[in-house]
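Structure, as structure tokens:
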């Protein structure tokens, strides 16, 4: 049996892709994956935060979306072969607040590192 390490990886920076997914799914509309991804990709490119190629980003977006579905933050409706995704309002509010706090903490750490470096 292998011994588990006491150290684990924790994400140090906010996840831009999840932020955009939550922002788009916070609207009252429901989306199929392709139009949802196109909106998210456009928003990420405007923020200059799209990296890794479109296909890799599409895979990551789908994984993040499925994670949100499993968390209960997004409802998936299947009609025939069409899957539509819609954000759960109460859960989206909580997620947005958590991400805003994470972004603020990350920005504060960056400012502290910059000040310490001078």
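Of note:
- Residue within segment 31-53 that is more than 15 Å from the chain's Cα centre (by Cα), at pLDDT 90 or above and assigned to a loop (DSSP other than H, G, I, E, B) present: yes
- Close Cβ contacts (under 9 Å, 6 or more residues apart or on different chains) running from residues in segment 1-29 that are modelled with pLDDT under 90 to residues that are in a loop (DSSP other than H, G, I, E, B) and crowded, with 17+ Cβ neighbours inside 10 Å comprise 16/50.
- Flag for residue 51 being surrounded by fewer than 12 Cβ atoms within 10 Å (Cβ to Cβ) and in contact with a helix residue (DSSP H, G or I) (Cβ under 9 Å, 6 or more places away or on another chain): yes
- Complete set of residues in segment 19-31 that are in contact with a strand residue (DSSP E or B) (Cβ under 6 Å, 6 or more places away or on another chain) and either within 26 Å of residue 101 (Cα to Cα) or surrounded by fewer than 19 Cβ atoms within 10 Å (Cβ to Cβ) (or both): 25, 26, 30
- Residue match in segment 70-78 (condition: within 14 Å of the chain's Cα centre (by Cα) and assigned to a helix (DSSP H, G or I)): yes
- Filter pass, residue 76 being surrounded by 10 or more Cβ atoms within 10 Å (Cβ to Cβ), free of Cβ contacts under 8 Å to residues at least 12 places away in the same chain, in contact with a helix residue (DSSP H, G or I) (Cβ under 6 Å, 6 or more places away or on another chain) and more than 13 Å from residue 15 (Cα to Cα): yes
- Residue among 113, 91, 60 that is surrounded by fewer than 16 Cβ atoms within 10 Å (Cβ to Cβ), assigned to a helix (DSSP H, G or I) and touching a residue at least 12 places away in the same chain (Cβ under 8 Å): 60
The values are calculated or read from the model by the stated rules, or taken from the named source; none is laboratory data. Everything numeric here is computed off the predicted structure, so don't read it as measured data. Ideal geometry is used to build each Cβ from the backbone, glycine not excepted, and the neighbour counts take in all protein chains shown.
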